[in-house]
Structures are given as structure tokens and as C-alpha cells.
Amino acid sequence: MGKKKKEAPKAEIPEWVLTFGDMMSLLLCFFILLAAFSEIKKPREYKELVESINSAMGANGGLGLAALLESVDNSMVSYRDERARRDDNKRNTDEDVNPSVPGREPQTSIVQEGARHAVGASIEFELGSWELSKRAQDLIRDQIAPKIRGLNYICPVVGHAWGTEEKRNGLSYDELAYRRAQAVKDFLVREGGVDPAILRVESAGITEPASLGGGGSEGASSNRRVQVYQTGRTVEQTHPDPNFTGAGG
């Protein structure tokens, strides 16, 4: 009786093939996204695309902005806050104690500006107007106010203007931008419950456009805006008695 031939062992797929396949799939998706983004020529379309991706993935914040945490460990903000408490909330200043050119003040104090982080999306305005639309009010109330309410860090509110048509009301670019920033500050305090001591109203006029698209006299709507920022400075670091209680006198 003849012997049965032994069957040849079946070839097994190496485990690294699965990892390689996953990596190639991810690379394919990555290059598809790159190709899709390269076709976007208008900033507004790109902004809407990023916001839709953030919404689908459960992220917060506006275009290119990361959500700010009220308490960040091991950051420059937490370091400065801890140093301020350690120094009994003294000003964050550098004082020149060496003799210098005589002047009104014997010492020079420099308050550090620190880094700025944008809070939420930009608040856009109608042409030549500083009144808040319903959409702008909802944006401030739902996305911006909750992130800075209860904080002790200074938050600049910066207004912007754009286009020659904006000057029809007789205001300069700086004046119009300032009124827009003031309107946002008032709403943050009145409707958002934000401490007015941390808000600083600033006007950038037409010096910081977000987009040069749209051109002409009308300008881009994204340039008629107000942006709220958060800094690493506390109120006590810039004013010894921010509530004017007489304790710092």
C-alpha cells in the first residue's frame, strides 16, 4: 500500500502586512484631503469646511483656533499665575534700578504683553454698522462668553473695519472699529456675565485685514469684525487695585 503524500504547509500572511495595509489606507486618505484642500480658493469656503469638520469631530473654536481651557497645567499661563501668587500678586514688571537719564519717574516699569490666544470665531458686522446682529449675539452668548466667564486673565476685544463705504456714516476707520469692539464688550458684560475688569477695548482700524478678497469699495465682510483674545496677564499684574477698594494705595 502506497504512502500518502504529506500536504505542503499553507503559506501564512505575515502580521506586518496588516499594519502596512492600514498605513497605506491612511496615507491615501491624507493625500485625498490634500488634493481636496488645494482646490479651495476662497477663504470663506475653507472656513466653512473647517468648521464642518470640527463640528463632525466634536471640536470647538473657530478657524485654526484651539479651544481654550480655563485651567492649563504646565503652561506659560499657569506658570505666570503661580508666580503672581508667590509674589503676593505684585506687578509682572521689570524695574530699572540703575541710574539713567533724569526724568519724571526715577524707575521704568514694563508690563509684559504676553501671548494672545483667539477665543471663538470672529464676530462680523454689516457694512458701516456697529450693531450686533442676531447671529453675532448668539455667537457671543454661546461660544465666547462661556470661555472667559469667571477668568481673571485680561481679554482684549479688538475691532476692525474695511472699505471706503464704511466711512459714509462720518466715522473714521478707527472710530468705527472701536464702536464695534465696545458693542461686543457691552454685550459680554450685560448678557454673557463677563467681568468688565478683564475686558480691554482696542481698535485696529484697517491695519489687520483677515482677507484681501472682495476688494473694491465694499471690502471683505470678514474684515468688518471683532475678535476676542485671552492673554496670560492677570488683572492684578497690571493694576494693584483693579476694583478701586483703596487696598493698593
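The values are calculated or read from the model by the stated rules, or taken from the named source; none is laboratory data. Values in this document were obtained by computation on a predicted structure and should not be read as measured data. Positions of Cβ are generated from backbone atoms using ideal geometry, with glycine treated the same way; all protein chains shown enter the neighbour counts.
For residues that are within 19 Å of Val158 (Cα to Cα) and of a type in the set (Ser, Thr, Tyr), scanning just the range 213-234, find the one that is modelled with the highest pLDDT.
Checked the range 213-234; the qualifying residue modelled with the highest pLDDT is Tyr229.
It is to be established whether one or more residues within the range 180-189 are under 29 Å from Asn54 (Cβ atoms), at pLDDT 90 or above, more than 18 Å from the chain's Cα centre (by Cα) and surrounded by fewer than 19 Cβ atoms within 10 Å (Cβ to Cβ).
Within the range 180-189, one or more residues are under 29 Å from Asn54 (Cβ atoms), at pLDDT 90 or above, more than 18 Å from the chain's Cα centre (by Cα) and surrounded by fewer than 19 Cβ atoms within 10 Å (Cβ to Cβ).
Just to confirm my filter: which helices (runs of 4 or more DSSP H) fall fully inside the range 106-198 and include at least 3 residues that are in contact with a strand residue (DSSP E or B) (Cβ under 6 Å, 6 or more places away or on another chain)?
Answer list for the range 106-198: 173-190.
Considering the range 162-173 alone, what residues qualify as being over 18 Å from Ala121 (Cβ atoms) and crowded, with 23+ Cβ neighbours inside 10 Å?
Correct list: Glu166 only.
Taking the residues in the range 3-20 that are modelled with pLDDT under 80 and of a type in the set (Asp, Glu) as candidates, determine which candidate is nearest to the chain's Cα centre (by Cα). Steps first, answer last, please.
Residues of the range 3-20 that are modelled with pLDDT under 80, as a first pass: 3-13.
With the extra rule that they be of a type in the set (Asp, Glu), the set shrinks to 7, 12.
On the way: Glu7: 68, Glu12: 53 Å.
Ranking the candidates gives Glu12 first.
Return a yes/no flag: does the range 89-99 have any residue that is part of a loop (DSSP other than H, G, I, E, B), surrounded by 15 or more Cβ atoms within 10 Å (Cβ to Cβ) and at pLDDT 90 or above.
The answer is no; no qualifying residue exists.
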